[in-house]
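A quick write-up on the structure given underneath.
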Amino acid sequence: MNAIHCRNINKHFKKKKVIALKEIEFTVPKGETFGIIGPNGSGKSTLVRILSTLLIPDTGSATVFTHDVVKSPMAVRRMINRVSVDAAFFKKLSAWENLRYAARLYGVPKQQARERTLAILDSMGFPKKRFDEPLEELSRGMQQKVAIARSLFTSPILLLLDEPTTGLDPRSKREVQDFIFGLKRQTDITVLLTTHDMAEAETLCDRIAIINGGGFIAVDKAERLKDRFGVNDLEAVFMRSTGREWEESEQDAEDRD
Amino acid sequence: MRARTEIVSTLGFLERNLSLVKRYLGWEIVFMTYNIVNALTIGFIGVTQGKQFVMYLTIGALIWGFLSVLFHEISESVAWERWEGTIEYTFMAPIHRFTQLFGSCLFAIVYGLIRTVLILLAVALFLGLSLKGADLGAAFVVLVVSGLSFIGLGLVAAILPLMSTEKGAQATHIMEAVILLVSGVYYDVSVLPKWLQPLSAFSPATYSLRALRGALLEGQSLAELWPTVLLLLAIGVLLIPLGLIAFNQAEIYAKRTGKLKRNG
């Protein structure tokens, strides 16, 4: 069964005069960890927001476990959860107060939510005693761990991770990556992971899509991509497939913004 | 099962907002003190004119306080989540939009009532007000149906921040200011310039204040106030579904244009 199926998705933003996605077409089977790597502004987050039912594509369709994200958003929402690059919380509230709010929205009993989230946080090295402190007093890495716990205690079958490790300190980054790796081994959850980090994509993802300027340039297993372009790392794959330096593409995206 | 989840979710909004009130307790005390002082200063203006006029002004201050809390809490719920950065998480949760908005309304009603009662007690203590001869039952019914119409107005206003982040929030403040001006909160609408007077007919607050003053100052019964109560009820019944439909349309627009996201 396919967890994600996207057909000919196009999206542009009139105000910014930007083509965010161009003819995106891909399928992710259930249980796969699918990575999307690309520079800033290449369309990764736009795609995640479409799959999260927060954005409507101009053309094309996207389904999550056969449910159309535009026509049946409620069915999709029950199956997914998401971690974004910014740990979006009510920062004055504690981790637990934020998670309790999420538990109410997803219909998870409070006690069950507390137990599950504490177990998830513990496995990422989050100190339990800080669970009831306002989030604004926690480090960025700790906040991101709480965001991951929030996305998982609702038992999603599709997890959308939008640059979950960007901006984290090296230790937090490793702990989050280890956790995702463990999750992939122990469960049959489907994960869509967007990242800038080539090594992260290579370690965690079964298949990788390279995105640039809103379009997929190549989709395959990391090893096959390297073989196909006759190079040793994914950054070189990016250069060969786009004919551009990674930094150059990032600069273009910043100029567009 | 789904209905239970929706009810629990509604409580989630109430619980979340109460937690935020606790965390911002310092500011709550500051705002409460300011509102009490504000109501008192307005009440003192009428002291030289007699108790009846003090009551007239105080009712205006209290009711406007209550209705503006309702309006603010609902109309700014979207703008506020945008600033906090949680808007995407709330909108991608598997709950109906009605549940989300109803949760915000429920909190606004509870919060507004508590605030109004506290201000009323403080004002009564300072100004020695008496409600002898007032029809409190009729006043309560008027307050409830007025709440409905203001919830409807709040829902209509809530679409503005959804469509345009900053301009939307600015527009809701202007809307509130116009309602304050034309509704006869501290004066009879007959003192307004002729060209402005027709606008007062479009504000539900005009009818709320008229009916509440009738019940509290003149002891008018529900039977006497019935036409106004019915009118307020009709405004609420019309505006609430209208607000929900408009909100749904605005959400689709925000999803098409990419505006359903956090600020910054």
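Values for this structure:
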| read-out | value |
| --- | --- |
| Pairs, first within 18 Å of B:LEU57 (Cβ to Cβ) in the stretch B:164-188, second surrounded by fewer than 19 Cβ atoms within 10 Å (Cβ to Cβ), C-beta under 6 Å, six or more apart | B:VAL182/B:LEU199 |
| Any pair with Cβ under 8 angstrom, 6 or more apart, that starts in the stretch A:187-201 at a residue that is under 20 Å from A:GLU248 (Cα atoms) and ends at one that is in a strand (DSSP E or B) and not aliphatic (A, V, I, L, M) | A:THR194/A:GLY35; A:THR194/A:ASP162; A:THR195/A:GLY35 |
| Matching helices (runs of 4 or more DSSP H) fully within the stretch B:1-110 where at least 2 residues are buried (at least 23 other Cβ atoms within 10 Å of the Cβ) and within 14 Å of another protein chain (Cβ to nearest Cβ) | B:2-23, B:77-84, B:87-91 |
| Filtered residues of the stretch A:37-65 (kept if outside any strand (DSSP E or B) and over 27 Å from A:ALA222 (Cα atoms)) | A:THR53, A:LEU54, A:LEU55, A:ILE56, A:PRO57, A:ASP58 |
| Filter result for the condition that a residue is more than 14 Å from chain A (Cβ to nearest Cβ), surrounded by 19 or more Cβ atoms within 10 Å (Cβ to Cβ) and in contact (Cβ under 8 Å) with a residue 60 or more places away in the chain, over B:GLY243, B:GLY219 | B:GLY243 |
| Filter pass, A:SER84 being polar (S, T, N, Q) and at the interface with another protein chain (Cβ under 8 Å from one of its Cβ atoms) | yes |
| Residue within the stretch A:96-112 that is touching a residue at least 24 places away in the same chain (Cβ under 8 Å), surrounded by fewer than 19 Cβ atoms within 10 Å (Cβ to Cβ) and at the interface with another protein chain (Cβ under 10 Å from one of its Cβ atoms) present | no |
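Here is a yes/no grid of residues against (1) over 15 Å from A:LEU159 (Cα atoms); (2) away from chain B (no Cβ under 13 Å); (3) buried (at least 16 other Cβ atoms within 10 Å of the Cβ); (4) over 18 Å from the mean Cα position of the chain (by Cα):
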site: A:MET1; (1), (2), (3), (4): yes, yes, no, yes
site: A:ARG7; (1), (2), (3), (4): yes, yes, no, yes
site: A:ALA20; (1), (2), (3), (4): yes, no, yes, no
site: A:ILE24; (1), (2), (3), (4): yes, yes, yes, no
site: A:LYS30; (1), (2), (3), (4): no, yes, no, no
site: A:LEU47; (1), (2), (3), (4): no, no, yes, no
site: A:LEU55; (1), (2), (3), (4): yes, no, yes, no
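No value in this document is a laboratory result; all are computed from the given coordinates. Every value quoted in this text rests on a predicted model; they were computed, and no experiment measured them. A quick note on method: Cβ atoms are made from the backbone with ideal geometry, for glycine too, and the neighbour counts reach across all protein chains shown.
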